[in-house]
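Have a look at the structure below, then the notes.
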Amino acid sequence: MTEPTASEHRRAATPEERSERGGEAGVTDVSTPGRVAEPGEGITVDELQLAARNHGLPLEALRYDVTPVGLHYLLVHYDIPAVDPDSWRLRIGGHVERPLALSLGDLSERPRVTQRVTMECAGNGRARLAPRPVSQPWLVEAVGTAEWTGTPLAPLLAEAGLGQGAVDVVFTGADHGIERGVEQDYERALPFADALGEDLLLAYEMNGAPLPVQHGFPLRLIAPGWYGMAHVKWLRDITVLDREFDGFQNAVAYRLRQQPEDAGEPVTRIEPRALLIPPGFPDFMSRIRIVPAGQCTLEGRAWSGYGPVTAVELTVDDGQSWTRAELGAPEHPYAWQHFAVDWPATTGRHLLSARATDATGRVQPVQQPWNRGGFANNLVQRVDVVVA
């Protein structure tokens with residue numbers, strides 16, 4: 001066995017420890033993420049700064065089966081790191097018998113696979129919650145579907161010779177920053193059994209072109225079905241552990257909790273969601289849609305991280321009666337499905353909503369359960385429409 005890596009030694013401090021020590025590595029808290037907005041508090045300057053760096057999918061782009069790269073949602077936790085592809089190596093170590101160091105050329109010589117995958121940010125919908133968790137203020141646009149090309153992860157782990165009793169696999173990116181006083185590289189772990197899944201991919205291409213810098217060049221993890229926080233970008237280290245990973249992004253950040261002191265449940269797979277392509281044309285500021293009276297075909301996309309979507313339904317105004325939409329077949333197991341339904345649009349103002357049900361029986365809620373991080377919020381979309 002090899003010596004433990006930095007990832008194995010690193011542990012996320014508890015809130016009490018961070019308070020006592022004034023942060024990690026001599027760094028004090030310079031902002032206050034993880035809090036909930038006060039009653040009546042608007043979007044903060046810090047949140048606007050995040051929103052200017054990151055971007056969501058323009059909902060009209062749901063018309064594309066595969067999202068063009070520039071329209072795919074983007075979230076960068078810290079800075080986009082500068083990575084020299086010539087000297088870069090992917091290191092696989094920790095609880096293994098034969099540590100590996102692989103160049104981009106080495107990886108490109110391995111079996112090549114392309115997968116169409118819908119990816120959604122775990123915080124999608126956060127800004128719609130009340131009280132509002134203070135962070136990146138997503139509405140419903142933090143999603144996209146791309147074709148990712150790379151080599152499967154499982155054979156590389158097997159080649160490294162996994163040690164007995166492997167528990168978690170940690171993925172470390174080159175992006176570096178501070179969250180709640182903890183200085184860190186961005187790291188996320190998957191349970192060992194999930195990391196060995198045949199669908200996990202080390203991707204070096206997006207939509208048939210080299211991976212864009214903002215999407216993780218030269219290499220990123222693609223974990224189909226999981227929220228975006230698991231798809232680690234700018235990947236440089238994979239570390240196998242014989243214990244549960246307790247780093248910040250797993251043990252502190254991405255948890256479903258009601259109170260700050262709660263341990264919470266981990267954020268994992270994508271909850272079912274359906275989004276309508278906004279019909280008609282918009283008002284510039286409010287984005288209210290203007291639609292002519294008469295027969296109108298409403299279309300959209302639906303997806304879930306727990307298997308295919310089995311039904312999409314539409315409601316107009318009341319949220320009580322639901323009309324079944326025509327749902328496309330799940331041609332790609334990890335990508336969204338198309339749906340369409342005819343609506344006889346009558347003059348006046350209307351509120352349209354669609355909800356998805358997946359193969360496990362999960363249904364989008366019309367009243368959203370709340371959590372402090374604003375994670376996994378799949379409350380049904382509401383589209384405000386004026387029929388002329």
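The values are calculated or read from the model by the stated rules, or taken from the named source; none is laboratory data. Only a predicted model underlies this, so the values are computations on that prediction, with no experimental measurement involved. Counting neighbours? That spans all protein chains shown, and the Cβs are built from the backbone with ideal geometry, glycine included.
Quick notes
- Matching option when the condition is small (Gly, Ala, Ser), modelled with pLDDT of 95 or more and surrounded by 19 or more Cβ atoms within 10 Å (Cβ to Cβ), among 311, 302, 293: 302
Okay, residues lined up against (1) of a type in the set (Val, Ile, Thr); (2) assigned to a helix (DSSP H, G or I):
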position: 110; (1), (2): no, no
position: 117; (1), (2): yes, no
position: 122; (1), (2): no, no
position: 131; (1), (2): no, no
position: 155; (1), (2): no, yes
position: 169; (1), (2): yes, no
position: 186; (1), (2): no, no
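- Just one of the listed residues (143, 113, 134) is hydrophobic (A, V, I, L, M, F, W, C) and closer than 25 Å to residue 83 by Cα, and it is 113.
- Apart from one condition, residue 147 fits all of (1) surrounded by 21 or more Cβ atoms within 10 Å (Cβ to Cβ); (2) of a type outside the set (Gly, Ala, Ser); (3) closer than 22 Å to residue 111 by Cα; (4) touching a residue at least 60 places away in the same chain (Cβ under 8 Å); the exception is (1).
- Any hit, region 276-297, residues being under 17 Å from the mean Cα position of the chain (by Cα) and assigned to a strand (DSSP E or B): no
- Taking every residue in region 86-99 that is over 10 Å from residue 239 (Cα atoms) and pairing it with any residue that is among the aliphatic types (A, V, I, L, M) and in a loop (DSSP other than H, G, I, E, B), at least 6 positions away or on another chain, the pairs with Cβ-Cβ distances below 9 Å are 88/219; 90/219; 97/1.
- Each residue in region 214-251 was checked for being among the aliphatic types (A, V, I, L, M), farther than 19 Å from residue 94 by Cα and either surrounded by 23 or more Cβ atoms within 10 Å (Cβ to Cβ) or touching a Pro at 6+ places or on another chain (Cβ under 8 Å) (or both), and 4 pass.
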